[in-house]
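The values are calculated or read from the model by the stated rules, or taken from the named source; none is laboratory data. This structure is a prediction, so every number in the text was calculated from the model and none was measured. Positions of Cβ are backbone-derived with ideal geometry, glycine not excepted, and every protein chain shown enters the neighbour counts.
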């Protein structure tokens with residue numbers, strides 16, 4: 001099977017490309033490199049001894065995508081391409097709505113033209129927003145609270161509607177919680193541009209003395225230690241979730257959603273202490289006011305994915321800390337270290 005990955009040079013995309021190549025899939029990557037590096041694909045080649053065909057193309061570029069489909073006879077598509085910073089989406093909602101939704105529409109139009117109907121979509125737990133209970137399952141109503149989350153929810157609705165046509169579409173949306181960690185080799189990992197938006201790369205940069213301290217937003221939540229609790233899922237598990245979704249595609253004219261999460265929550269302080277244990281370094285931190293819109297606690301109910309896809313998380317929080325530090329300590333400035 002030949003799989004096209006949009007955004008395949010990015011954090012989750014590159015790990016998924018590696019996992020697919022290791023399982024003898026043919027891989028084609030489309031990426032505009034706006035927030036990623038082609039170096040990640042060179043590292044994937046080093047690790048697997050196999051090549052992913054790379055095209056520097058924006059997923060919103062219909063003519064560019066058409067040329068890729070003309071050159072590569074793909075069977076399925078995994079769609080990662082999109083902007084993903086929640087804070088930036090609040091400041092630049094037009095940019096997010098245009099990019100994240102137009103890319104999906106353009107991709108699906110080109111897929112239809114070439115009679116490719118199998119799609120796995122990169123969604124997010126942000127589609128859930130505020131819920132009455134902290135354990136989120138796929139039957140809950142979607143009520144995102146920021147533009148980024150809204151773009152994921154709109155895309156899900158778009159794809160659900162598309163699947164109901166009589167064109168034979170088989171579409172899966174994977175809602176992952178907080179992807180963390182890096183490949184155990186330390187060769188590929190999360191390479192944020194500028195100040196990290198996510199907890200793990202920020203902690204790693206503090207441990208590496210690139211930043212003076214970690215800011216902990218609130219310690220007065222109704223949680224065991226007062227700090228926010230989230231479900232952290234290792235990026236290797238996330239990558240394997242996409243392969244499981246490809247192998248267990250829904251029947252024609254169906255759309256399915258699955259949570260990818262560990263099924264348990266860890267607080268910010270727990271993560272700090274786990275990282276200290278993994279690195280033997282002290283992580284200085286300072287508690288500041290809560291951020292507007294942050295929830296006290298939420299985590300995944302991953303039982304549907306385990307039952308239907310045969311997938312479940314196998315990597316621990318300690319694994320994620322160890323692998324993040326191996327990536328950070330081997331690549332002080334990410335892919336730009338070269």
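Among the conditions (1) over 22 Å from residue 122 (Cβ atoms); (2) modelled with pLDDT under 95, the only one that residue 198 does not satisfy is (1). When residue 108 is tested against (1) touching a strand residue (DSSP E or B) at 6+ places or on another chain (Cβ under 6 Å); (2) closer than 21 Å to residue 245 by Cα; (3) surrounded by 16 or more Cβ atoms within 10 Å (Cβ to Cβ), exactly one condition is not met: (1). Run down 267, 262 and say which single residue is touching a residue at least 24 places away in the same chain (Cβ under 8 Å) and out of contact with any helix residue (DSSP H, G or I) (no Cβ under 9 Å at 6 or more places or on another chain). Going through 267, 262 in turn, just one is touching a residue at least 24 places away in the same chain (Cβ under 8 Å) and out of contact with any helix residue (DSSP H, G or I) (no Cβ under 9 Å at 6 or more places or on another chain): 267. Look at the stretch 279-304: where a residue is closer than 30 Å to residue 140 by Cβ and a partner is loosely packed, with under 11 Cβ neighbours inside 10 Å, sitting 6+ places away or on another chain with Cβ atoms under 8 Å, you get 295/130; 296/222; 297/222. Of the listed requirements (1) surrounded by 15 or more Cβ atoms within 10 Å (Cβ to Cβ); (2) touching a helix residue (DSSP H, G or I) at 6+ places or on another chain (Cβ under 7 Å), residue 308 misses just one: (2). Scan the stretch 7-21 and give yes if some residue there is over 18 Å from residue 182 (Cβ atoms) and modelled with pLDDT of 95 or more, otherwise no. Checked against the condition, which is being over 18 Å from residue 182 (Cβ atoms) and modelled with pLDDT of 95 or more, the stretch 7-21 yields no hits at all. Restricting the search to the stretch 271-296, which residues are in contact with a strand residue (DSSP E or B) (Cβ under 8 Å, 6 or more places away or on another chain) and either over 16 Å from residue 231 (Cα atoms) or modelled with pLDDT of 95 or more (or both)? The answer is 271, 272, 274, 283, 284, 285, 286, 287, 288, 289, 290, 291.
Restricting attention to the stretch 240-271, the residues that are closer than 22 Å to residue 128 by Cα and part of a helix (DSSP H, G or I) total 4. Across the stretch 6-31, what is the total count of residues that are assigned to a strand (DSSP E or B), closer than 12 Å to residue 59 by Cβ and more than 13 Å from the chain's Cα centre (by Cα)? Residues meeting the conditions: 2.
Looking at 52, 59, 17, just one residue is closer than 21 Å to residue 198 by Cβ and surrounded by 17 or more Cβ atoms within 10 Å (Cβ to Cβ), and that residue is 17. For residue 126, the test of being in contact with a strand residue (DSSP E or B) (Cβ under 9 Å, 6 or more places away or on another chain) and surrounded by fewer than 24 Cβ atoms within 10 Å (Cβ to Cβ) is passed.
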